[in-house]
Every structure is written in C-alpha cells, then in structure tokens.
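Notes follow once the structure below has been shown.
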Amino acid sequence: MILTLISTTAMSGTETNITSGIDSDYKEYWFVFTDVEPATDGSLLQFQGSIDAGSNYNVAITASSWDIYGREDDSNQNVRNNTASQQGVSYFPITAMIGGGAASDECAAGIFKLYNPSEDGTFVKHFTSTFSMHRSDDYMDVYSTGGYLNTTSNIDAVSFGANSGNIVGTLQFFGVN
C-alpha cells in the first residue's frame, strides 16, 4: 500500500471542504485528522459528500456507529452500538462529543476512508472511520463508523465540520494505491 499526500489543510471555522483531488486517480482516499478540537465543548465532527464539486452537500447516507469507551478514573468502561444510525441527507457524525477549549488533552485524532468514489456508476460509495478522542465528559473513546453514500454518481467533494461552532485541527488528504 502506497499513500500519496494530496493536500494538508489547517482546519478552522465551521467546516472544511475538500473540493478537488477526489477523482479516478485512486480507488481509495484517506483523510487523516490530528489535534481536532472544537470551540464548543461537546461538539461532534461530522461529514457529508457532494456529487457536484461542492455546490451541494446533500447525498443520502446510510450508516451506523459504535464505540468503546472508558472513564479516566477507570470507574466505567463499555461498548455500545450507537443510535446515531441514519438514512438521510444530513451530515453524519464520525466522532462522539469531543472535549473542547478547556484542556490540552481534549481533542480527537482519526482516519476517515472513502472507497472508490469515482467508480463507473454501478455501486454506492462506501466509507469507514475510526477516531480516538477525549470526550467532553472525561471519557476516552474509540469511535467507529461505517456506511455508504447512497449514490452511484461520482463523489467529487467532501465536507467535514462541527455540529456546533468552529473546529480546528490538521487534515491530511491521501490517495491510496
């Protein structure tokens, strides 16, 4: 497997949009997030796709999420299948509620993978993600999602952003061979 760096973006504001570089050059794209921190404590990082170069982010998503978490003081650990499953065109959360603004350990890091987004029009476009984070309620969380953008059209742009307020961090965008 060879990763080719396409771009590095300093995330700031309510959303970060990748509107170029998602094409037929690669069958898989990785979006690697580091030091993601929302301005609003408890915000979620979420995503949506586009089939019109980012003019609209409203592709139907079918997905679900699950997480493994434990409290910092070891008082509670658990695994759960989240009720965040959806079928719709709104942005889909790819993290739990990230701690923000208050402490240096309150942030998230992870990888979002988009599979074959420029396939010839026969199949839906699948994705997976896994993030590690310090939640706003003092839990360490490993949060995973899986699903698909329910379209056979080419996905040519993606948007990542907070469900509330601004979010900062680093986003590296890779093509994978």
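Determine, from the Cβ-Cβ distance of Ala10 and Glu72 and an R0 of 25 Å, the FRET efficiency 1/(1 + (r/R0)^6), rounded to the nearest 0.05.
0.30
Carbon and sulfur atoms: what percent of the 1.4 Å accessible area of the range 12-71 do they account for?
Result for the range 12-71: 44 percent of the exposed heavy-atom area is carbon or sulfur.
If the chain between Asp137 and Leu3 were fully stretched, how many nm would it gain, using 0.36 nm times the residue separation less the Cα-Cα distance?
This chain segment gains 44.7 nm when fully extended.
So if I take the centroid of the Cα atoms in the range 1-68 and the same for the range 106-177, what is the distance between those two points in Å?
5 Å
Per residue, how much accessible surface does the range 2-47 expose to a 1.4 Å probe? Answer in Å², no decimals.
49 Å²
Got the relative contact order for the range 31-96 handy, in percent, Cα pairs under 8 Å and 6 or more residues apart?
Here the relative contact order equals 37 percent.
Carbon-plus-sulfur fraction of the accessible area of the range 86-135, 1.4 Å probe, in percent?
59 percent
Taking the Cβ-Cβ separation of Val79 and Asp35 as r and a Förster radius of 35 Å, what is the calculated FRET efficiency to the nearest 0.05?
The pair Val79/Asp35 has a calculated efficiency of 0.85.
Could you work out the relative contact order of the range 64-177, using alpha carbon pairs under 8 angstrom and six or more residues apart, expressed as a whole percent?
Value for the range 64-177: 26 percent.
Per residue, how large is the accessible surface of the range 56-177? Use a 1.4 angstrom probe and give square angstrom.
Spelled out: the 1.4 Å probe surface of the range 56-177, per residue, equals 43 Å².
The values are calculated or read from the model by the stated rules, or taken from the named source; none is laboratory data. What you see is a predicted model; the values in this text were computed from it and never measured. Note that we place each Cβ from the backbone using ideal geometry, even for glycine, and neighbour counts take in every protein chain shown. All accessible areas refer to the heavy atoms of the entire protein, side chains included, with ligands and DNA or RNA removed. Shrake-Rupley method; radii C 1.70, N 1.55, O 1.52, S 1.80 Å.
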